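In what follows, a single structure is set out as structure tokens and then discussed.
The values are calculated or read from the model by the stated rules, or taken from the named source; none is laboratory data. The structure displayed is predicted, hence computed values, not measured ones. Cβ coordinates were reconstructed from backbone atoms using ideal geometry, including for glycine residues, and neighbour counts include every protein chain displayed.
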Amino acid sequence: MCGIVGAIAERNVSGILLEGLKRLEYRGYDSAGIAMLNGSRDKLTDLKTVGKVKKLVTSASKAKIRGNLGIAHTRWATHGKPTVANAHPHSSSKEIAIVHNGIIENYQELREKLLKDGYVFKTETDSETIAHLIHKERKGGKVSLIDAAKKAITKLDGAYGLCVMDKTEPDQIVVARSGSPLVIGVGIGENFVASDPLALGQVTDRFIYLEEGDVAKVSLGDIEIWHGNRKINRPITTVESRSKDAEKGEYKHFMLKEIHEQPQVIKDTLDGRISKTKVLEQAFGVKAREIFDKVKTVQIVACGTSFHAGQVAKYWLETIAKIPCSADIASDYRYREIIVQPGTLFVTISQSGETADTLAALRYAKKKKYVASLAICNVATSTLVRESDFCILTMAGQEIGVASTKAFTTQLALLLILSIVLARRTGLKATQEAKLVKDLSKLPKLIDKALRLSKDIKRISKQFSDKYHSLFLGRGIQYPVAKEGALKLKEISYIHAEAYPAGELKHGPLALVDSKMPVIAVAPNNDLLGKLRANLSEVSARGGMLYVFADESIKFESDKSCKVVNVPISPEVLAPIVFTIPLQYCRIMLP
Ligand code: GLU
């Protein structure tokens, strides 16, 4: 999801809003807009452009748009094409203007009712309904803006970060959040709002982070927040201005810092993409629904770490969505004769979106009869995103560490979401989806717990320091996780690391196992556990030293030849993501 900025001050705030939008450009968008007001006698002025914020800045300067109250937006179209008309802000009766990040799922139903009430819709968006709904709830001015907004949001299903201003109450901005982030930037005699504090770094370093379900009235010198019927206080946090992506902060190196960012970036990646009970599939863009309806199989193509994410997704797609899936290495796929089954969705995964082999594979795939190409990528402006039919962005922020960490786990989060939206079409029940989404929403907390294993890992990793080779074992969906562990150990520590599906051990590699060859195994609590245990005893019998990352519920015992690290209990579907975390630590603690 893209960006929101708002400001109320005694000075002109147009520059602050436009600068804020520029700072949010990294999140990707297709159009931008601004609405302003200069006191109650002023009329609501808005300006919108398709394309870059730069264009909006030029138009704003030509139009000399000014005001002491304003809201601005960068849009990533989910309902209705990226056009000037569909760009936000949206208004109602020339009085109310809103900007919205997110997806309103019941907008059709609301729209029909509002049409009957005589409201005229000028856009194809879901968001415009919010403007009219609030206008309606104001009952011709009898109800205050804040009360009307509070009432209106009770009627919304879906996700929203919302910012509202009203010509008849020009001393305030009303904001609300549910499923999409919003912060209030606290100034002196002026206040701001944004979807990300980064947007306001030029005006304040003090922020109030709104919680899910909060509604707030932001005025010049006052901020009032409600949660349900209760008026509440939220703490003000001082945030040092970011470009924090480019600084190591308290961490020894970028990789460690990025490992620790995972709870937050996973949260950012899930924001606006799931509601309490479902995946908001329009988060994949306006064309997504029609495309997904045609999908019968999935072809994933990627390189390196992203390929491992694709291999995990193969299991999810086949078990959750019951859809056949192939995951291929881009450098192999691009040079091969490809047979495409009818109804195949082509999916690329790349952190940068500039990986040459993946791009070449996409171009090759375009000559074949795929349903469409979907990019899962971290960089909105990348070639991969531009050349694909549609995309969904990981919100991992800049990844500076050479070894990918947060890009991998955010890719996995989105691939799980993709599996769920496709599964809906193959019989996944609403209750099953609700359970999966509930599990997903716990992911940031689970990762946070897994990050606390660093001390245990440090202790055992010392025993590795004189080793030259290692073996990583996993079964089923954990095999690509083991491969990812081995890949990073090679990259970071120059220790030879090989990953094997644990069941393959007896077909050769067991011969290599002895006391000089540490064996690292991932052991989630699933129905392959018994088989994995058998594989591990083969290792012990050979005198190999075992390091087992085991789900806490298994109660795996440490002994002389087996060191166990207990991984927090997680829902089975999330285990590949949770077990990735301790393996990331292994990599960095080795010499
Ligand atoms: N769903 C809204 C739209 O399509 C807002 C999308 C966004 O978050 O920018 O306009």
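Data for the structure
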item	result
Selection status of Tyr251, among the aromatic types (Phe, Trp, Tyr) and over 15 Å from Leu422 (Cβ atoms)	yes
Lys43 surrounded by fewer than 21 Cβ atoms within 10 Å (Cβ to Cβ), touching a residue at least 24 places away in the same chain (Cβ under 8 Å) and either closer than 23 Å to Ser178 by Cα or within 11 Å of the ligand (Cβ to nearest atom) (or both)	no
Any chance Ile173 is closer than 20 Å to Ile447 by Cα and surrounded by 15 or more Cβ atoms within 10 Å (Cβ to Cβ)	no
Set Gly285, Gly221, Gly272: member being free of Cβ contacts under 8 Å to residues at least 40 places away in the same chain and either under 25 Å from Val175 (Cα atoms) or not hydrophobic (A, V, I, L, M, F, W, C) (or both)	Gly221
Residue list for region 3-15, filter: surrounded by fewer than 24 Cβ atoms within 10 Å (Cβ to Cβ) and in contact (Cβ under 8 Å) with a residue 60 or more places away in the chain	Ala9, Glu10, Arg11
Only listed residue being among the polar types (S, T, N, Q) and crowded, with 22+ Cβ neighbours inside 10 Å, chosen from Asn191, Asn229	Asn191
Enumeration of residues in region 504-530 that are loosely packed, with under 13 Cβ neighbours inside 10 Å and over 33 Å from the mean Cα position of the chain (by Cα)	Lys506, His507, Gly508, Ala511, Asp514, Ser515, Gly530
Index of the failed condition, Lys81 passing every other in (1) within 16 Å of the ligand (Cβ to nearest atom); (2) at pLDDT 95 or above; (3) basic (Lys, Arg)	(2)
Matching residues in region 515-570 - criterion: being within 14 Å of Ala502 (Cβ to Cβ), small (Gly, Ala, Ser) and assigned to a loop (DSSP other than H, G, I, E, B)	Gly544
Hits in region 363-403 - residues which are among the small types (Gly, Ala, Ser), assigned to a loop (DSSP other than H, G, I, E, B) and farther than 19 Å from Leu574 by Cβ	Ala380, Ser382, Ser388, Gly397, Gly401, Ala403
Residue that is farthest from the ligand (Cβ to nearest atom) [pool: residues in region 107-129 that are surrounded by 15 or more Cβ atoms within 10 Å (Cβ to Cβ) and of a type in the set (Val, Ile, Thr)]	Thr129
Residue match in region 444-460 (condition: surrounded by fewer than 21 Cβ atoms within 10 Å (Cβ to Cβ), out of contact with any Pro (no Cβ under 7 Å at 6 or more places or on another chain) and among the acidic types (Asp, Glu))	yes
Near pairs, Cβ below 6 angstrom, 6+ apart or cross-chain, from region 84-99 (without any contact (Cβ under 8 Å) to a residue 40 or more places away in the chain) to any residue that is within 12 Å of the ligand (Cβ to nearest atom)	Ala85/Thr123
Enumeration of residues in region 311-331 that are in contact with a Cys (Cβ under 8 Å, 6 or more places away or on another chain) and buried (at least 24 other Cβ atoms within 10 Å of the Cβ)	Ala313, Leu317, Ala330
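Rundown of residues vs (1) in contact (Cβ under 8 Å) with a residue 60 or more places away in the chain; (2) closer than 17 Å to Thr405 by Cβ; (3) surrounded by fewer than 20 Cβ atoms within 10 Å (Cβ to Cβ), yes/no style:
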{"position": "Lys267", "(1), (2), (3)": "yes, yes, yes"}
{"position": "Lys276", "(1), (2), (3)": "yes, no, yes"}
{"position": "Ile291", "(1), (2), (3)": "yes, no, yes"}
{"position": "Lys294", "(1), (2), (3)": "yes, no, yes"}
{"position": "Gln299", "(1), (2), (3)": "yes, no, no"}
{"position": "Ala309", "(1), (2), (3)": "yes, yes, no"}
